Amino acid sequence: MTSPHVKLDIDATREKLDALGLGYANEALDALLAEAVSIEMPAHQFLERLLDTERAGREERRIKTMLKTSKIPTGQTLENFDFAFQPAIERSRIETLATGAWIRNAEVILLQGPPGVGKSHLLVGLGIRAIQLGFSVQYYRFDELLTAIKADGDLPPTRLKSRKYMSSSLLLIDEMGFDPMNLEEAGLFFRLVSYRYARGAMIITTNKSIRDWTELIAGDEVLAAAILDRLLHRSHVLNIKGRSYRLRDLEELLTKQSA
Ligand SMILES: Nc1ncnc2c1ncn2[C@@H]1O[C@H](COP(=O)(O)OP(=O)(O)O)[C@@H](O)[C@H]1O
Ligand SMILES: [Mg+2]
């Protein structure tokens with residue numbers, strides 16, 4: 001039974017927790033106090049539990065917010081990637097990358113291969129993992145990125161630096177290579193790659209192999225070489241050959257029919 005004056009104390013405590021912005025601790029206070037009294041929890045353990053609750057609540061909120069603002073598509077994770085289906089990708093290599101050390105070192109992952117082999121899935125999965133690790137992440141399809149950097153073409157460097165495609169710890173660029181860039185776009189893309197070089201990590205997915213990049217970069221060999229030089233210097237190139245995951249059911253059906 002709580003006496004009236006104990007209740008009053010709790011209200012005062014709640015008010016203070018609220019004033020300090022400790023909303024999750026505030027929410028958990030009643031239940032945790034009841035538990036503490038019933039099992040005679042040591043004071044220090046009670047405090048730990050209360051602070052852990054606050055921290056876990058904040059962490060969950062941070063991840064939710066970051067997932068939204070990063071524009072990462074949802075649903076694809078490293079956990080639901082079927083490594084058995086895709087032997088070109090070694091699980092251990094992805095697990096190493098999933099620790100995030102390469103992001104701290106501002107390195108680049110280039111995922112190359114034909115449609116449907118899981119390039120975007122891995123980009124999204126590694127991106128989500130990066131958010132869980134606490135990195136700032138921003139997702140663009142390549143055409144969206146071009147639109148954004150063209151719109152910012154005249155911005156002075158000081159303002160450009162604060163753009164998310166420049167400032168994020170990890171920039172995700174999905175589906176590069178469907179359309180070749182014109183010279184203006186290639187120049188702006190070079191500026192982005194140069195700025196991020198050794199400053200920020202990137203993952204790029206592309207259906208074009210490196211030897212076709214000149215064609216992709218406005219047919220300009222010098223610019224293509226300069227861009228590739230910066231991208232490949234500290235990079236992890238993952239070539240995914242293999243079968244299309246999208247077409248696996250169709251393949252099975254056809255095998256059954258021909259059997
Ligand atoms: N190894 C895999 N395990 C589970 N799902 C996969 C795998 N590879 C591809 N997929 C799924 O197949 C679809 C196509 O993959 P996606 O990553 O978009 O291919 P890509 O970007 O290479 O064209 C997506 O829905 C993706 O989640
Ligand atoms: Mg894709």
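Read the figures in this text as sums done on the coordinates, not as results from a lab. Keep in mind the model is a prediction, meaning the values are calculated, not measured. Virtual Cβ from ideal backbone geometry, glycine too; neighbours counted across all protein chains shown.
Evaluate E = 1/(1 + (r/R0)^6) for S38 and R234, where r is the Cβ-Cβ distance and R0 equals 51 Å; express this FRET efficiency to the nearest 0.05.
Approximately 0.35, to the nearest 0.05.
How are the alpha carbon pair distances in the chain distributed across 10 Å bins from zero to the largest one, expressed in percent?
Histogramming the chain at 10 Å steps yields 6, 24, 25, 16, 13, 10, 5, 1, 0 percent.
Can you pull out the GluC sites (Glu not before Pro) in segment 1-104 that DSSP calls coil and that have at most 15 other Cβ atoms within 10 Å?
E40, E79, E90
About its Cα centre, what dipole magnitude does the chain give when the only charges are +1 on Lys and Arg Cβ and -1 on Asp and Glu Cβ, stated in debye to the nearest 20?
The calculation lands at about 540 debye.
Taking a ≥ b ≥ c as the square roots of the eigenvalues of the Cα gyration tensor of segment 4-66, is the shape rounded (a/c under 1.5), prolate (a/b larger than b/c) or oblate?
Oblate shape, in that a/c is at least 1.5 and b/c is the bigger or equal ratio.
Ignoring trypsin sites (Lys or Arg not before Pro) that are buried or in helix or strand per DSSP, and keeping those with at most 12 other beta carbon atoms within 10 Å, what is the longest stretch of the chain between them?
1-160
Past 23 Å, Cα to Cα, is the threshold; run K71/K241; K164/K208; K208/K241; K71/K150; K71/K164; K68/K164 against it and keep the listed order.
Going by Cα-Cα distance, K71/K241; K164/K208 fall outside the 23 Å limit.
Can you work out the FRET efficiency for the pair R14 and R62, with r the C-beta to C-beta distance and R0 = 35 Å, to the nearest 0.05?
0.90
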